[in-house]
Amino acid sequence: MRTLLTYITAFPGRSVVILIALLVAGLAEGLSLTTLLPLLSTAIEGSGDSGISHFIITRLQNAGIEPTVGVMLVIIVGGMVVKSIILLLSNREVGNTVAHVATALRLELLDALLASRWQYYLQKKSGALVNSVATEAYRAANGFEYGANVVALSIQVLVYSIVALSVSWKATLVSLLIGLLLLSVLHRLVKSARRAGTQQTRLLKQLLSYLNDVLGSVKPLKAMARENVADVILREHTRELEQSLRREVMSREALVALQEPIIATLAAIGLYMALVMWDLSLPAVMVLVFLLVRILSLLNKTQRRYQLLTTQESAYWALRTAAEEARAASEKTWGTTRPVLEHEIRFEHVGFEYGNKAVFEDLNMVIPVNTMTVIMGPSGIGKSTLLDLICGIHVADKGNILIDGKPLYEHDMRSWRRLIGYVPQESILLHDSVLNNIIVGEPELGMDDALRALEQTGARAFVEALPEGMDTVVGERGGQLSGGQRQRIAIARALAHQPRLLIFDEPTSALDPENVKIICDTMRTLSRQLTVIVVSHQRELIEAADRVYVFSDNGFGLASQDTDGAFSSASQ
């Protein structure tokens, strides 16, 4: 019940509305049922002379209502109609709340993920995060629906029990005690379903995480005829998931199968006690048997819904755990100054360690605005880390990174990043149109911004020549386009919001010489309007640069070009 109470606490407004509606519906049904006994007494015995029958008839007469068979039938039917209408409205609210819960849980996790540090992403499997946003949020929302069902059925059980107690409290109490005892025995099946649900949450996360990784590398696997290895692992995960689902189905169906004979047994016991032991009248017995069967049926339904709730609750707690972990890894709070970038970016005695390895110990460098600066050096030396420090993704352990003379940590980080256009080494595009790949859903950007960015990259002509122009779908990861075309669209994406700083991380590493020249010309042109920082080993880019910094195992320095076009550097 902890999950049900958590749902109610997390969404109190909607839960209160639902509970009130269900309570009113239960009262309407209960009031209509109270006329059932006097109706049967009048129909069978000709008068309603039993205690409860006399009480109800008197109350109707005091209200100016003649208790005829027709009037009592109208009351019964009217109560049922009112109850059905209220239940319809409350169930509609339940459906709306389920959709709201799924959306709220997804947004809560997404907000926490997007606000977390970069190191957190590196530690998590993207497939597991996708599973949390998609599958676990859906299952958790279904858990809320089953929880609402449990509450609704419990209210109906309460209403029927009150009416049954007014007919014969002895028979009702005995039947309820026996019913609760047998339901407690069947609770083992509920526990089995809970274990199966927890296992499904774990297995789904593993399966989708691995599937995401496999699909991301399916091309090289197929090229080497090694996709069968991935197939074996995926099949193993799928079989384990199938076994877990079978256990859940078996527990659920066993509960249903055992409940029906229990209902029949208890109804027979109630009928025997009412007729033989307590010598009730036939109308009272008929009403009592109807009520007891209805109560036990509702109790069984309640237990089945609770069983379904237990199979889904693990998804809710897994989702909450993921959101709490992401919030715990949120980025630090930065300053409030809005940066402009009018003069330079300066590193002063910057030191940074990653794990136990010192990447930088005493880094000093200057990047003037409206220039093209190239960073070169062997792999693993720290070039990409340098870019991460500029973007604020990593934080220097010592020293300062100054933006126009003011430390980066004193600036509002979101405002600073809005001044940056970033083009990664691997230009992964969305399986969407060219337009949406450039503006990426940002509401402030539109067609004019995309066309301007394409014009800046020299890509407008080839985009307009595509079959559907800006509406052409580029395919999975941009596979319908060439490498050079993908890269230029990625650059246009970085330029769409009109940044002041443009960062390229190995932008031409996978391009042919012709496309390398095109990208180099594009960057050289952009450097007249923007500050451009490029990590690259391409000679064309190095020759086009205003300054080149060289990283090496021996140190770091500003390169100079000799008469043969070779570069050398003085280490720091």
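Overview of values
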item: Test: residue in the stretch 163-183 that is farther than 18 Å from Leu291 by Cβ and outside any helix (DSSP H, G or I); result: no
item: Gly377 vs. criteria of a type outside the set (Lys, Arg), closer than 30 Å to Gly484 by Cα, in the same structural domain as Ser552 (by TED's automatic domain parsing) and at pLDDT below 90; result: yes
item: Residue check for Val440: within 28 Å of the chain's Cα centre (by Cα) and crowded, with 19+ Cβ neighbours inside 10 Å; result: no
item: Selection count where residues are part of a helix (DSSP H, G or I) and under 17 Å from Gly458 (Cα atoms), scope the stretch 468-509; result: 15
item: Hits in the stretch 369-402 - residues which are in a strand (DSSP E or B) and either among the aliphatic types (A, V, I, L, M) or on the phi > 0 side of the Ramachandran plot (or both); result: Met372, Val374, Ile375, Met376, Gly399, Ile401, Leu402
item: Residue in the stretch 153-175 that is under 30 Å from Glu325 (Cβ atoms) and among the polar types (S, T, N, Q) present; result: no
item: Filter pass, Pro339 being modelled with pLDDT of 90 or more and not hydrophobic (A, V, I, L, M, F, W, C); result: no
item: Qualifying position, being over 33 Å from the mean Cα position of the chain (by Cα) and at pLDDT below 90, among Gly399, Gly382; result: Gly382
item: Filter result (more than 15 Å from Arg417 (Cβ to Cβ), assigned to a loop (DSSP other than H, G, I, E, B) and more than 34 Å from the chain's Cα centre (by Cα)) within the stretch 328-356; result: Glu342, His343, Asn356
item: Failed criterion for Ile295 (all others in (1) modelled with pLDDT under 80; (2) surrounded by fewer than 22 Cβ atoms within 10 Å (Cβ to Cβ); (3) among the β-branched types (Val, Ile, Thr) hold); result: (2)
item: Condition check for Val548: modelled with pLDDT of 85 or more and within 29 Å of Ser415 (Cβ to Cβ); result: no
item: Pair list, Cβ < 6 Å and 6+ apart or interchain, from the stretch 289-308 residues that are over 11 Å from Val157 (Cβ atoms) to residues that are modelled with pLDDT of 80 or more; result: Arg305/Tyr146; Arg305/Val150; Tyr306/Val150; Leu308/Tyr146
item: Residue satisfying all of: in the stretch 504-551; farther than 18 Å from Ser379 by Cβ and in contact with a Cys (Cβ under 9 Å, 6 or more places away or on another chain); surrounded by the fewest Cβ atoms within 10 Å (Cβ to Cβ) among these; result: Glu543
item: Qualifying residue in the stretch 91-100 (condition: modelled with pLDDT under 75, closer than 24 Å to Val16 by Cβ and aliphatic (A, V, I, L, M)); result: yes
item: Residues being of a type outside the set (S, T, N, Q) and touching a Phe, Trp or Tyr at 6+ places or on another chain (Cβ under 8 Å) - total across the stretch 368-385; result: 8
item: Leading residue by the ranking (modelled with the highest pLDDT) among those in the stretch 157-171 that are surrounded by fewer than 23 Cβ atoms within 10 Å (Cβ to Cβ) and of a type in the set (S, T, N, Q); result: Ser161
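Residues are listed down the side, and each one gets a yes or a no for (1) surrounded by 14 or more Cβ atoms within 10 Å (Cβ to Cβ); (2) of a type in the set (S, T, N, Q); (3) closer than 27 Å to Leu386 by Cα:
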residue: Ile401; (1), (2), (3): yes, no, yes
residue: Asp412; (1), (2), (3): yes, no, yes
residue: Arg418; (1), (2), (3): yes, no, yes
residue: Asn436; (1), (2), (3): yes, yes, no
residue: Leu451; (1), (2), (3): yes, no, no
residue: Asp471; (1), (2), (3): no, no, no
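The values are calculated or read from the model by the stated rules, or taken from the named source; none is laboratory data. Quick caveat, the model's predicted, so the values are computed rather than measured. Using ideal geometry, Cβ is built from the backbone for each residue, glycine included, and neighbour counts are taken over all protein chains shown.
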